[in-house]
Amino acid sequence: MDALLLNSNQYGRLLEAASFTMQVLGYSFALGIVLSLVFGVARLSEHRVIRGAALAYTEFARGISSIVLLFIMAYAVPILMGIPQANLTLLASIALGLNMGGYGAEIIRGAILSVPRGQTEASIALNLRNSQRLRHVVLPQALRVILPPMGNLTIEILKGTALVSLIGLDDLTGVTQRLITSGRAIGGDTSQSVWYLNLLVIYFVLSQGVNFLFKAGESRVDSQYARRTHDIVAPVPENLEGAK
Amino acid sequence: MSATTAEAEMVDHRSPWRRPATWIAIGVALVVLVGLYLLGTRDVDFGTEVAPDPALKWDWAFVVSLLPDMLNALSITAFCTVYGFVVAVILGFFLAVGRRANAAWIRWPVTGFIEFIRSTPLLVQLFFLFFGLSAATGFNFSSNQALILGLGVHYATYCSEAYRAGINSVPDGQWEAATAMNLRPATTWWRVIIPQAIPNALPALGNYLVAGFKDAPLGFAINVTGLMFFATTIRAREFRPIEPFLLIGVGFLIVSLPAAWLIRRLERRISYERI
């Protein structure tokens, strides 16, 4: 173990792979956030059937292991559905997105519950429709509570993308393993520990990037929230706030 | 720790070491640990004869014939999970204390270590432990050891956050009182802080046990003959992916859903007792 760095050619290959990893993360995040919103709101529905279905989904998505879900998606689902040449990237992203949706729905449910009930009552008094209430009153306020755990969840999904190498996709982990095998075949002298250390550091940098984006979003939302509440809303006396 | 008067009369003033419940719990834990050790260190080869019916898309007889080998695989996964969690719970506590240390030369490396491990994939950490470390140092872990250590270190960083939250929830007055009574730091931790911090951390720790169980099948990437290894073996041998994968998927739900439910009950009970 003489040098801890790889050469520029190797870093170039890893950079390409990193863009694929981010692509998988993007797809999974897009699906996950939609599922989180839909099922997080559905968990609070007035209809028992909708509530029950949403509960079943979140329990399923959180109870099953993400790697098992990934393998079911990649190997069992194409056969069950009769698609011989399924797009593995898409299936993997669906599996990760389904997994994220279960955790995200709980985050969104909790955040909606954290918005004071007076806000809902006020919007009912203002004759807002349910969708308007959610869109303009509840979710903007819930966003402050949603963002920090959602950032952590996104990092968990970024970590989860390493699993797609196990079904043969060329993400960061998959490419690293391939480079290790081919490097050994041509007598390369980079040891495995150096490869994996570098890989870990790349993942660390990526997740710090995600973290930074979410932190930036948080401070933006916070400053907007502070400005608006300062301009519009008179401070609510504490004793009224507590009386439900 | 306020309790109503009726409950206060029932408070057990004996030292924990003199309560039968403590010894029963320790005994149960030992039996589970030894049992899992005996089950989990066997060699399992999934050699049971199974014969899927190629005409059927879903063959129940095939599923039933898979069950014995699946239970063998489950014992290995459970063994690695539980022992990994033991590592995590112990190491996590020291990480939590290290992160609170006054000395910066302890606090900063511990914080950096926690952040690094938490934001990198367990899979790559396992590869590093199993392939990288042996190539670099000549020291070889077995598959099970690498998985237990990998899971343990990974979840130790999560557990340390749970402990940290638990320790932070102990009111400042308790620390001040301990100082006022001139207790040594070790006594303060052992007799004042830990008894109040651990119950608060328990539900989060339980959640991490379940999460660790869900991450344990990753071990198949480093040849741990657990549930995932079982499913991929059957898939490769019988060319039937549907039954084995759905079977272990259901298996995970059967274990993790009741576990999560129990933890929620525990959480509610603890928060109820704190009011």
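The values are calculated or read from the model by the stated rules, or taken from the named source; none is laboratory data. Here the structure is a predicted model, which is why all the values come from computation and not from measurement. Counting neighbours? That spans all protein chains shown, and the Cβs are built from the backbone with ideal geometry, glycine included. Keep in mind that these areas ignore ligands, DNA and RNA; they rest on the heavy atoms of the full protein, side chains included. Shrake-Rupley method; radii C 1.70, N 1.55, O 1.52, S 1.80 Å.
Of note:
- Residues whose placed amide H lies under 5 Å from that of B:THR225, excluding near-sequence neighbours: none
- Shape metrics for chain A, restricted to C-alpha atoms - Rg then Dmax, Å: 22.5, 75
- Local electrostatic count, B:ASN144, Cβ distance below 13 Å [Lys/Arg +1, Asp/Glu -1]: 0
- Most mobile listed residue (B:GLY138, B:GLY249, B:GLY152) in chain B, GNM with C-alpha springs under 10 Å: B:GLY138
- The residues of chain A expose on average 53 square angstrom of accessible surface per residue, using a 1.4 Å probe on protein heavy atoms.
- Cα centroids of region B:187-257 and region B:28-106: 7 Å apart.
- Using only alpha-carbon positions in the protein assembly as shown, the gyration tensor eigenvalues give semi-axes of 38, 31, 27 Å once each is multiplied by 5 and square-rooted (largest first).
- Label point distance in nm, A:ALA56-A:ALA122, each placed 7 Å from Cα along Cα→Cβ: 3.8 nm
- Surface accessible to a 1.4 Å probe, A:TYR11 within the full protein complex, Å²: 80 Å²
- Positive-end residue of A:THR176, B:TYR155, B:LEU56, charge dipole of the protein assembly as shown with Cβ unit charges: B:TYR155
- Couplings for region B:36-53, taken from phi via the Karplus curve 6.51 cos²θ - 1.76 cosθ + 1.60 with θ = phi - 60°, read 5, 5, 5, 6, x, 9, 6, 8, 10, 10, 6, x, 4, 5, 10, 9, x, 8 Hz in order; Gly and Pro are left as x.
- GNM flexibility winner over chain A from A:LEU96, A:LEU37, A:LEU197 (Cα, springs under 10 Å): A:LEU197
- Accessible surface of region A:148-233, 1.4 Å probe, proportion on carbon and sulfur as whole %: 60 percent
- Å² per residue, accessible surface of region B:163-275 at 1.4 Å: 52 Å²
- Average other protein chain Cβ within 10 Å of Cβ, residues B:218-230: 2
- In loop segments of region A:26-86 as defined by DSSP, there are no trypsin sites (Lys or Arg not before Pro) with at most 16 further C-beta atoms inside 10 Å of their C-beta.
- Relative frequency of Cα-Cα separations exceeding 35 Å in chain B, percent: 30 percent
- Accessible-area composition of region A:3-92, carbon plus sulfur, in percent [1.4 Å probe]: 68 percent
- Normalised by the number of residues in region A:19-232, the mean separation of alpha-carbon contacts (under 8 Å, six or more apart) gives a relative contact order of 25 percent.
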